[in-house]
Amino acid sequence: MGYPHKPHAKETALLSKHFGDPDARTYKGWAKRGGYEAWKQAQTMAPAAITDVVKESGLRGRGGAGFPTGLKWSFMPKEKKKPHYLCVNADESEPGTFKDREIMRWTPHALLEGTLIAMRAIQAEVGYIYIRGEFTEPYAIMEQALAEATKAGVLGGHKIHLHRGAGAYICGEETAMMNSIEGKRGNPRIKPPFPAAFGVFGMPTTINNVETLAAVPHILRQGAAWYKAMSLSNPKSTGTKLFSVCGHVRLPGNYEVTMGFPLKDLLHELCGGMRPGRTLKACIPGGSSVPILNREESEGCLLDYEGCVEKGTMLGSGGVIVFDDSADMVYQIMRLARFYAHESCAQCTQCREGTAWTTKILERILAGQGKMADLDLLLDLSDNMTGKTICVLSDSCAAPVVSGIKKFRTEFEDYIAGRKQPVMVA
Amino acid sequence: MSAVETQEYAPVFTGKTLERLQEILTRYPTKQAALLPALWLVQGERGWISDRNMVEVGEVLGLTPAYVKGVVTFYTMYHQHPVGANFVQVCTTSPCNICGAEDVVKALLAHTGAKELGATSPDGQWTVIEVECLGACGFATPVLVNDDFVESVTPERVPELVRKYK
Ligand SMILES: Cc1cc2nc3c(=O)[nH]c(=O)nc-3n(C[C@H](O)[C@H](O)[C@H](O)COP(=O)(O)O)c2cc1C
Ligand code: SF4
Ligand code: FES
């Protein structure tokens, strides 16, 4: 096991600085690299003061929604009447995303340190790190790190527990995760009530993504102003972000750049461009749940929250999926729809039926039995799946379908009109 | 009582396994919250989770068998039937798909003798299934063999992988 590439000069390695270095994994090795200094500092600060620094830094949630982290923490009751909880979202299952895994594999103490600081800020005595069931290696590494940190006495009075998932993408949705921790099926809950009022075990709870928390020690140590200054395009997007790049690039992997970095440079310079003889066709910049960009849009996209919205998509989790001219967009969109159909928790009709029908219609088209009217049917279905359900999994299935038909319509029509050989059997 | 019902049942939660469960219970404010970890313990001990195991888990945690079953069936990683000695999960979601995951599946089915997805090879050694994104898309194609996460598997690497676990 080793880390695939050397750092690129255009990267800003903050979270990824020690990726590939097994010594940084150990408590001793981490302490040598300035580990737990920020936690020591936090212990001298009032909870509200910690929250203020994070607010000031402009840090936004890296789990997908981009919600301001300090603001989220400030929603927790100031006066403590009940136990408070922190849930750490390490369920990483959004197709295209594999950054949290890397943070846990290489710098488990960075996550523990950020978790401790957040727990102090929101006055939580117990924290659960929810790790997806398939992440056996990161789980073992986190377990070891937790044991070492406990032994070294850095946890203070706080308790951190690992909770292993068991195969369900939907448990990455924060309220589904809380149900899963409670020993229930991972069905998302209707909001409100919001987690800060009624979270896990009915108590005030904050949920944060692994990457979000791993950034916190850096902010505390080097200051909000320093973090905020890392921004290439829009001042509302600050700091660095890990982009997981996969699919048709020469050097897939995690790349850490300053917010606002051009997607074009990420793909063509850092990732080594396309394979020989191939050209870029499409790119999904924020994990499979966000709209697909065509080549032109990709080449002009700046990687921050606003830059992605400007191109009609979202930064999401930072999972960048790259398709070159060899990709069959109809087949790949079907494959994504199938993912959502498989992962729907089936509570909402629009989602349960919509994801299944979307998949079926796309399969029919790929089997050479589609009708032109199917494209309108898909768009109509997608419309009914958007903004109408308990969580946004349903919307996530619609996003690649709607953007795909809009931008690659002729590929669908080629199957329907018989200009392209069927690739599936009905 | 029928013959089936009088058959001896060897409980999972005894000795060390019971101790581990008791330690897990201290982590949560409710007993119910220990359900997922308890099911993992059962699967670790028995390889899969039978209806009778679910009854036992329910008894230990104060939950009804139907409730336990409702949870077991929600999560895809809990096996409700025995699987091959080597359980292989291959990601075929879009990012891996465009990097050749389907060829990896074909090679695995051929070399393990499992032949069909979800079926167990005649020697009881192999079960191969397709799964959705394993969270390692930059290392296409990731394959989970039992608890071992293997990255960057190609059809060419499959024979060596199969040999390793034989
Ligand atoms: C269907 C669905 C799946 C999600 N999966 C994840 C996930 O795997 N990891 C994650 O951190 N957030 C995921 N989220 C977002 C979480 O609900 C939540 O917004 C996030 O963990 C909050 O942390 P942050 O503010 O630090 O980003 C998902 C959301 C939805 C609707
Ligand atoms: S939108 Fe889908 S996944 Fe979300 S709660 Fe409804 S049925 Fe479940
Ligand atoms: S798509 Fe295969 S690991 Fe994510």
_Taking 26 Å as the cut-off for C-alpha to C-alpha distance, list the pairs among A:Lys40/A:Lys191; A:Lys159/A:Lys236; A:Lys82/B:Lys16; A:Lys32/A:Lys159; A:Lys420/B:Lys106; A:Lys72/A:Lys241 that go past it._
A:Lys40/A:Lys191; A:Lys159/A:Lys236; A:Lys82/B:Lys16
*asked:* Under the rule of at least 5 residues apart or a separate chain, name every residue whose amide H is placed under 5 Å from the amide H of A:Ile129.
replied: A:Val88, A:His161, A:Leu162, A:His163
*Express as a percent, rounded to the nearest 5, the fraction of DSSP beta bridges in chain B (both residues included) that run antiparallel.*
55 percent
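Is there a simple number for the mean count of other chain Cβ atoms within 10 Å of the Cβ of residues in A:91-101, and what is it?
Numbers: counts 1, 4, 5, 3, 11, 7, 6, 9, 2, 1, 6.
If you average over the peptide's residues, the count of other-chain Cβ atoms is 5.
Relative to the present Cα-Cα distance, how much length would full extension add between A:Leu379 and A:Lys10 at 0.36 nm per residue of separation?
128.8 nm
Determine the percent antiparallel among the DSSP beta bridges restricted to the protein assembly as shown, to the nearest 5.
On the way: 22 of 50 bridges.
Looking only at bridges with both residues in the protein assembly as shown, the antiparallel portion is about 45 percent.
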*Along the principal axes of its C-alpha atoms, what lengths does segment B:86-165 span, in descending order and rounded to whole Å?*
33, 22, 21
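Rounded to the nearest 500 deg cm²/dmol, what is the calculated helix-only ellipticity per residue at 222 nm for chain B, with -39500 (n - 2.57) per DSSP H run of length n ≥ 4? Don't skip to the end; give the middle numbers.
Details: 8 runs with 70 residues, N = 166.
Taken over chain B, the calculation gives -12000 deg cm²/dmol.
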*Considering only DSSP beta bridges with both partners in segment A:22-228, what is the antiparallel share in %, to the nearest 5?*
5 percent
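Per DSSP H run of at least 4 residues, take -39500 (n - 2.57); add these up for chain A, divide by its residues and hand me the 222 nm value, nearest 500 deg cm²/dmol. Can you show the working numbers first?
Working: 17 runs with 174 residues, N = 426.
So the calculated ellipticity at 222 nm is -12000 deg cm²/dmol.
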*asked:* Of A:Leu267, A:Val257, A:Val126, which is farthest towards the positive pole of the protein assembly as shown's charge dipole, taken about the Cα centre with +1 and -1 on the beta-carbons of Lys, Arg and Asp, Glu respectively?
replied: A:Val126
*For chain A, modelled as a Gaussian network with Cα springs under 10 Å, which listed residue fluctuates most, A:His248, A:His158, A:His218?*
A:His158
*asked:* Can you compute 3J(HN,Hα) from phi for each residue in segment A:60-74, using the Karplus curve 6.51 cos²θ - 1.76 cosθ + 1.60 with θ = phi - 60°, rounded to whole Hz and x for Gly and Pro?
replied: 10, x, 9, x, x, 8, x, 6, x, 5, x, 5, 4, 5, 6
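Give me the Å³ per residue figure for the convex hull around the C-alpha atoms of the protein assembly as shown. Provide the component values of the computation, followed by the final result.
Details: hull volume 95.0 nm³, N = 592.
Hull volume normalised by residue count: 161 Å³.
Which value, in Å³ per residue, describes the convex hull spanned by the Cα atoms of segment A:329-416? Numbers along the way, then the final one.
Working: hull volume 6.1 nm³, N = 88.
Cα convex hull per residue, to the nearest whole number: 69 Å³.
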*asked:* Using a Förster radius of 30 Å, what is the FRET efficiency between A:Met372 and A:Lys264 based on their Cβ-Cβ separation? Nearest 0.05, please.
replied: 0.30
_Whole-Hz ³J(HN,Hα) for each residue in segment A:264-270, computed from phi via Karplus 6.51 cos²θ - 1.76 cosθ + 1.60 with θ = phi - 60°, x for glycine and proline: what do you get?_
4, 5, 4, 6, 8, 9, 4
*asked:* Just to confirm a number: summing +1 for Lys and Arg and -1 for Asp and Glu over residues other than A:Gly307 whose beta-carbon lies under 12 angstrom from that of A:Gly307, what do you get?
replied: 0
*Any idea how far apart B:Lys106 and B:Lys166 come out in nm if each label point goes 7 Å out from Cα toward Cβ?*
2.3 nm
*With chain A treated as a Gaussian network of Cα nodes joined by springs under 10 Å, which of A:Ala13, A:Ala225, A:Ala145 yields the largest mean-square fluctuation?*
A:Ala225
*Using a basic spin-label model with each label point 7 Å from the Cα along Cα→Cβ, how many nm lie between A:Arg278 and A:Lys78?*
5.5 nm
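Which whole number gives the average, over all residues in B:75-81, of C-beta atoms from other chains lying within 10 Å of the residue C-beta? Could the numbers behind the result be given before it?
Values: counts 9, 8, 8, 3, 0, 0, 0.
Averaged over the peptide's residues, the number is 4.
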_Within 10 Å of each Cβ in A:158-166, how many Cβ atoms from other chains are there, averaged over the peptide?_
4
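Using the Kirkwood formula on the Cα atoms of segment B:3-74, what hydrodynamic radius do you get, in angstrom to one decimal?
Computed over segment B:3-74, the radius equals 12.5 Å.
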*Which Cys in chain A stand alone, with every other cysteine's Cβ at 4.7 Å or more from theirs?*
A:Cys87, A:Cys171, A:Cys271, A:Cys283, A:Cys301, A:Cys308, A:Cys345, A:Cys391, A:Cys397
*Helix axis angle, A:210-222 relative to chain A longest principal axis, alpha carbon, degrees*: 40 degrees
_Residues whose placed amide H lies under 5 Å from that of A:Leu303, excluding near-sequence neighbours_ = A:Gly260, A:Phe261, A:Leu263
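Quick note: the coordinates plus some simple rules give every number you see, no bench work behind them. Note that the coordinates shown come from a computational prediction; the quantities given were computed from them, not determined experimentally. In this analysis, Cβ positions are derived from the backbone assuming ideal geometry, glycine residues included, and neighbour counts consider all displayed protein chains.
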